[in-house]
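Reading through the structure tokens given below for one structure.
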Amino acid sequence: MNPLPRLVIAAPSSGSGKTTVATGLMAAFAERGLEVSPHKVGPDYIDPGYHALATGRPGRNLDAYICGPERVAPLFAHGARGADLAVVEGVMGLFDGATGFGELASTAHVAKLLRAPVVLVVDGSSQSRSVAALVHGFASWDPEVRLAGVILNKVGSERHEELMREALDHSGVPVLGALRREQSVGTPSRHLGLVPVAERRQDAVEAVRRLAGQVRRSCDLDALLALARSAPWLPDSPWEPEAEVTRAARRPRIAVASGAAFTFSYAEHTELLEAAGAEVVPFDPLRDEGLPDGVGALVVGGGFPEVYTPELSANEPLRKAVADLAASGAPVAAECAGLLYLSRSLDGRPMCGVLDAEARMTERLTLGYREAVAVRDNVLAPAGTRVRGHEFHRTVCEPGSGPNPAWGVVHPRRLAEGFAEGNVHASYLHVHWAGAPLIAQRLVERALR
């Protein structure tokens, strides 16, 4: 592909302000009339929602652990088609990758795969001259990472900014912006991070507008754009969903849960299902009392059903329709929130009753990468299929697996997980189908039976 202007927005650690700066930059450049392609390193579902709001394009994830390093640049090129600029928000600290795998899936790793310049967002709230030592360390740690600029965040005053700029004068890394502490642009958080856009759309629109204004006032957009345009040619061809699957002769309808309770999904899933021949039909379990007409399969992804348990439980007609579809033998694929929705109950309130299991909220956060294998043939994968994914929840499902588990987890510890009963596949494991496209093809094929 031709050189695409691109920037990676990184930080020394979580909580430094990457999302604030990245989303603000996306929105500020979009206000200038640029077509901005938004990306997020790692498996996060929530930040891409704000990115999409800022740019008008789908937020795309780049995860070298789940999808493989070889797919990162092609997926980036696919998502950035037709864009004037791509902004990639990093994950955690710049060099923090998958535990036990070195740099794999870190922001630095993805920046190297994309040959992209890195801008470091530094929380300056508790330092002044020390910022120079911090930036020097990050700039020199890995010579293959081009740390090309700094944006100071949470700056307390004009004098505070002056002290940090003076300290950085001789670092060789230019300061490209300095954002003051502004509580008014904050975004509310909850037990799994920011509150998703779908739950606060009007407020989120205003928050993104304010972020754009703050970044526009505080950052050198011309210098940042010039830096993005210095990125070299990227030789990788775009990822093509049509090349990953075989198109079915007939076109089944596949219902996909959406709305505020089920916001966790990757754009590539729909693209793969459509490439395999399916008509994808979204529905909202909070509003719709029945499944779309003529559906031959159902996908219920992740989200926050625990926030909407009373409403989901009260929608008895839809719960019955889901149970009837599963009983008919139609394929049903559920991840995390979908697992909870298919259980008998969630926090004591009736759910769909497809699975012989009870779910409840807990105080414990389960978070991390997983590697798993299909123990036996099931609706999504032949026996022996190995996948990588992640878990991200504060719930438990009891029992944690059925007589026929969905997956045998092999990393970071061995256990049976989830349910694969008939044509139902339900699990806590989030899998990015671009890393395992056979899942989409197999689901479409089963929907035609």
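The values are calculated or read from the model by the stated rules, or taken from the named source; none is laboratory data. Keep in mind that this is a model prediction, so the values were computed, not measured. Glycine also receives a Cβ, built like all others from the backbone with ideal geometry; neighbour counts cover every protein chain displayed. Ligands, DNA and RNA are stripped out before the accessible areas are found, and what is left, the full protein with its side chains, is counted by its heavy atoms. Shrake-Rupley method; radii C 1.70, N 1.55, O 1.52, S 1.80 Å.
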Quiz item: Hey, does the range 112-120 have a residue that's within 30 Å of Gly303 (Cβ to Cβ) and at pLDDT 95 or above?
Solution: yes
Self-check item: Output for the range 50-71, where each listed residue is under 18 Å from Phe304 (Cβ atoms) and buried (at least 24 other Cβ atoms within 10 Å of the Cβ)
Solution: Tyr50, Gly59
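Of all residues in the range 72-124, count the ones that are at positive phi and either of a type in the set (Phe, Trp, Tyr) or without any contact (Cβ under 8 Å) to a residue 24 or more places away in the chain (or both).
Of all residues in the range 72-124, those at positive phi come to 82, 92, 100, 102, 105, 115.
Of the ones still in play, those that are also either of a type in the set (Phe, Trp, Tyr) or without any contact (Cβ under 8 Å) to a residue 24 or more places away in the chain (or both) are 102.
Number of matching residues: 1.
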Quiz item: Here is a list of conditions, (1) part of a strand (DSSP E or B); (2) more than 21 Å from Gln214 (Cβ to Cβ), and Val8 meets all of them except one; can you say which number that is?
Solution: (2)
Quiz item: In the range 131-160, what residues are touching a residue at least 24 places away in the same chain (Cβ under 8 Å), outside any helix (DSSP H, G or I) and out of contact with any helix residue (DSSP H, G or I) (no Cβ under 7 Å at 6 or more places or on another chain)?
Solution: Arg146, Lys154, Gly156
Quiz item: Mind checking whether some residue in the range 189-198 is buried (at least 17 other Cβ atoms within 10 Å of the Cβ), modelled with pLDDT of 95 or more and assigned to a loop (DSSP other than H, G, I, E, B)?
Solution: no
Exercise. Say whether the condition of being touching a helix residue (DSSP H, G or I) at 6+ places or on another chain (Cβ under 7 Å), closer than 29 Å to Ile439 by Cα and of a type outside the set (Val, Ile, Thr) is met by at least one residue in the range 12-34.
Key: no
Quiz item: Among the residues of the range 13-29 satisfying the criterion of being among the hydroxyl-bearing types (Ser, Thr, Tyr) and not in a loop (DSSP other than H, G, I, E, B), which is surrounded by the most Cβ atoms within 10 Å (Cβ to Cβ)?
Solution: Thr23
Practice problem: Report whether or not Arg32 is in contact with a strand residue (DSSP E or B) (Cβ under 6 Å, 6 or more places away or on another chain), open to solvent by 10 Å² or more (accessible area, probe 1.4 Å) and in contact (Cβ under 8 Å) with a residue 12 or more places away in the chain. | Solution: no
Quiz item: If you check Pro305, Pro285, which single one turns out to be at pLDDT 95 or above, within 25 Å of Cys397 (Cβ to Cβ) and not hydrophobic (A, V, I, L, M, F, W, C)?
Solution: Pro285
Quiz item: Residues of the range 68-100 being outside any helix (DSSP H, G or I), at pLDDT 95 or above, touching a Phe, Trp or Tyr at 6+ places or on another chain (Cβ under 9 Å) and farther than 24 Å from Leu176 by Cα, which ones?
Solution: Gly97, Ala98
Quiz item: Among Leu163, Leu211, which is the only one that is part of a helix (DSSP H, G or I), modelled with pLDDT of 90 or more and closer than 18 Å to Gln127 by Cα?
Solution: Leu163
Practice problem: Tell me which residues, restricted to the range 226-261, are within 22 Å of Pro292 (Cα to Cα) and in contact with a Pro (Cβ under 7 Å, 6 or more places away or on another chain). | Solution: Arg253, Ala255, Val256, Ala257, Ser258, Gly259, Ala261
Practice problem: Just give me the residues in the range 214-234 being closer than 26 Å to Glu268 by Cα and part of a helix (DSSP H, G or I), in sequence order. | Solution: Ala228
Quiz item: How many residues does the range 372-407 contain that are under 26 Å from Ser106 (Cα atoms), more than 18 Å from the chain's Cα centre (by Cα) and open to solvent by 10 Å² or more (accessible area, probe 1.4 Å)?
Solution: 3
Self-check item: Where Pro43 falls short, out of the listed (1) in contact with a helix residue (DSSP H, G or I) (Cβ under 8 Å, 6 or more places away or on another chain); (2) in a loop (DSSP other than H, G, I, E, B)
Solution: (1)
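This table checks each residue for (1) under 30 Å from the mean Cα position of the chain (by Cα); (2) under 17 Å from Arg217 (Cβ atoms); (3) small (Gly, Ala, Ser); (4) open to solvent by less than 70 Å² (accessible area, probe 1.4 Å).
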{"position": "Leu134", "(1), (2), (3), (4)": "yes, no, no, yes"}
{"position": "Asp142", "(1), (2), (3), (4)": "yes, no, no, yes"}
{"position": "Glu166", "(1), (2), (3), (4)": "no, no, no, no"}
{"position": "Gly177", "(1), (2), (3), (4)": "yes, yes, yes, yes"}
